[in-house]
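First comes the structure, then the notes that go with it.
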Amino acid sequence: MQDYYETLQVHPKADAETIRAAYERLRERYSPAKLEGVAEELQVLARRQRDEIERAYTVLGDVTRRVGYDAEVANRPPLPAAAPPPGPSSDVDDERLDYRPLPPARRQERDTSFNPQPLLPQQQVRASNAARNRPAGRTPEGVRPLWLVPAMIVAGATFVIVLVTLLTTMLGPQPPAAQPSGPQVLDPNAPTGVPTMGVAEISGQFEAQIVAAKQVANAAPTNPQAWIELGNLLYDSVVVLHERLDRGDEAVQAAYVARLPRWLEAVDAYSKALAIAPTNAVARADLATSLCYYGQGVQDQSYVQRGIAAAEQALKDRPEEGRALLSAGICYAVADPPQTSQALAQWQKLVVQPNAEPTLVFQARQLIQKYSR
C-alpha cells in the first residue's frame, strides 16, 4: 500500500501547511513543462510520480480523509519478520563474527561459494578479548555506530571551513563581521571611507560553505539542523545582495536577479528541516521570508501569500519568537498592496521584548524607520 507521507516527503505529524508546501514543491518539480524533450520513458515515470503525489495529497490534504488514513495505518497488522540473513548459525559466539568490510564485488555477481559472513580465527578472538580485558559477546569488533559517518563528514566540513576562515583572516584583508542568518539591514549611520567588497566578492563569499553544507545535509538527511544550516547559507548568499539594492548599483541588481532562484533553494532546505521538526518556528520564519523576498523579486504575489501563511504559523507556534515577528513584518510590507500597519505592529512587538536578540531589535528599528516615512 502506498505510504502517502513518504510520497510527499513529510513527517506523519506534519501540519497542514507543511503538507501543502511539500505537495506544491513536488508538483512543480514534476511539472510536464520541465520534462519537454526528455526521453519517453522518463516522461512515463514522471506522470506516474505525479499521479502518486496527487493521490497522496487528496488524502493528506483533507482533514477527514487524513484522520481515516492515519487510523487505517495504525490498525494495519505488522509485517512478517524478515528471514535472517545467510550466515553462521545462532549458536556461534558473536565474538567470532568478522565484521570487517567485505572485499569489493567490482560490479560483478559474487560466486555462489562466497561466504558473506566469515569468522575470525579463534586465536585472534582470544587475543582481542585479552587486549580489551572484557568477556566475549559484547560489541563485535569493527561495528560502527550509525551516526559515525555523518559525524565524521560534519567534523571534516567544519574543519575545512574553519581552516579557510583562519587562513583568510591571517593572510588577507579583514572581512566584515559575519551576520546571523535571517534578514539583514545595513546601518545607515555606519562610518564612511571603509573599503567595501565588490559584487564578485559579495557573491562568492558563501559558495564554498554552501557546497560543504550540501554534502553534510545529503549525508545526514534525517538531521534537521543540517538542512537548516544549508538553508541559512543559501539565505545569506542572497540577502547580502538584497540589502544593497537601494544603492542603485546596476551590477548588484543584475547579480541579485540572477540569484533569485536561490530563495527557493533555501525554501526547499527549510521545508526538509520542517518535515523532520515541524514545530521549529525559526526555520519556518526564515522559510516565510525567503518566499516573500522571492515573490517580491519575481512579482508573484502567490509566493508572498504563502510566506505570510508560513510566518503566521510560526507566530502561532511561538508568539514571542523574534525571528517570526521580524519575518511576518517583512512579508506584510512586501505584499501588494503593502500591509504597512500590520508590519509596523509586528516590529514594534519585537522592539519592546525584554529578552529579544539585539541584532533583531536593531533590524526591526531600521525597518520601522524605513516604512514610517
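Taking only pairs six or more apart or across chains, which ones have beta-carbon atoms under 8 Å, a first residue in the stretch 270-283 that is in contact (Cβ under 8 Å) with a residue 24 or more places away in the chain, and a second residue that is among the basic types (Lys, Arg) and part of a helix (DSSP H, G or I)?
Note: pairs meeting the criteria are 270/284; 271/25; 274/284; 281/323; 282/323.
So, in the stretch 219-251, exactly how many residues are within 19 Å of residue 200 (Cβ to Cβ) and without any contact (Cβ under 8 Å) to a residue 24 or more places away in the chain? Even if it seems obvious, please write down each step before you answer.
Here is the first cut: in the stretch 219-251, the residues within 19 Å of residue 200 (Cβ to Cβ) are 233-234, 236-245, 247-251.
This time we only want the ones that are without any contact (Cβ under 8 Å) to a residue 24 or more places away in the chain, so: 245, 247-248, 250.
Qualifying residue count, the stretch 219-251: 4.
I need the full set of residues from the stretch 344-362 which are of a type in the set (S, T, N, Q) and surrounded by 14 or more Cβ atoms within 10 Å (Cβ to Cβ), in order please. Step through it out loud before you land on a result.
Step one: list which residues in the stretch 344-362 are of a type in the set (S, T, N, Q), which gives 346, 348, 353, 355, 359.
Result: 346, 348, 353, 359.
Can you give me the number of residues within the stretch 313-343 that are among the charged types (D, E, K, R) and surrounded by 15 or more Cβ atoms within 10 Å (Cβ to Cβ)? Walk me through it before giving the result.
Narrowing the stretch 313-343 to residues among the charged types (D, E, K, R): 316-318, 320-321, 323, 336.
This time we only want the ones that are surrounded by 15 or more Cβ atoms within 10 Å (Cβ to Cβ), so: 317-318, 321, 323.
Residues flagged as among the charged types (D, E, K, R) and surrounded by 15 or more Cβ atoms within 10 Å (Cβ to Cβ) within the stretch 313-343 amount to 4.
Can you tell me which residue is modelled with the lowest pLDDT among those in the stretch 63-92 that are in a loop (DSSP other than H, G, I, E, B) and within 17 Å of residue 3 (Cβ to Cβ)?
This residue is 79.
I need the helices (runs of 4 or more DSSP H) fully contained in the stretch 240-300, keeping only those with at least 1 residues that are assigned by TED's automatic domain parsing to the domain that holds residue 334, small (Gly, Ala, Ser) and within 20 Å of the chain's Cα centre (by Cα). It would help to see each step written out before you state the result.
Numbers: elements: 250-259, 261-276, 281-298.
Per the criteria, 261-276, 281-298.
Tell me which residues, restricted to the stretch 213-242, are small (Gly, Ala, Ser) and either surrounded by fewer than 21 Cβ atoms within 10 Å (Cβ to Cβ) or out of contact with any helix residue (DSSP H, G or I) (no Cβ under 9 Å at 6 or more places or on another chain) (or both).
If we filter the stretch 213-242 for residues that are small (Gly, Ala, Ser), which is where we start, we get 213, 217, 219-220, 226, 231, 237.
Those that are small (Gly, Ala, Ser) and either surrounded by fewer than 21 Cβ atoms within 10 Å (Cβ to Cβ) or out of contact with any helix residue (DSSP H, G or I) (no Cβ under 9 Å at 6 or more places or on another chain) (or both): 219, 220.
Could you count how many residues in the stretch 346-360 are assigned to a helix (DSSP H, G or I) and in contact (Cβ under 8 Å) with a residue 12 or more places away in the chain? Explain how you work it out, then say what you get.
At the first step, the residues of the stretch 346-360 found to be assigned to a helix (DSSP H, G or I) are 346-351, 358-360.
Then keep just the ones that are in contact (Cβ under 8 Å) with a residue 12 or more places away in the chain; that gives 346-351, 359-360.
Total satisfying the criteria: 8.
The values are calculated or read from the model by the stated rules, or taken from the named source; none is laboratory data. Quantities reported herein were computed from a predicted structural model and do not represent experimental measurements. Because the Cβ atoms are built from the backbone with ideal geometry, glycine has one as well, and the counts that use them run over all protein chains shown.
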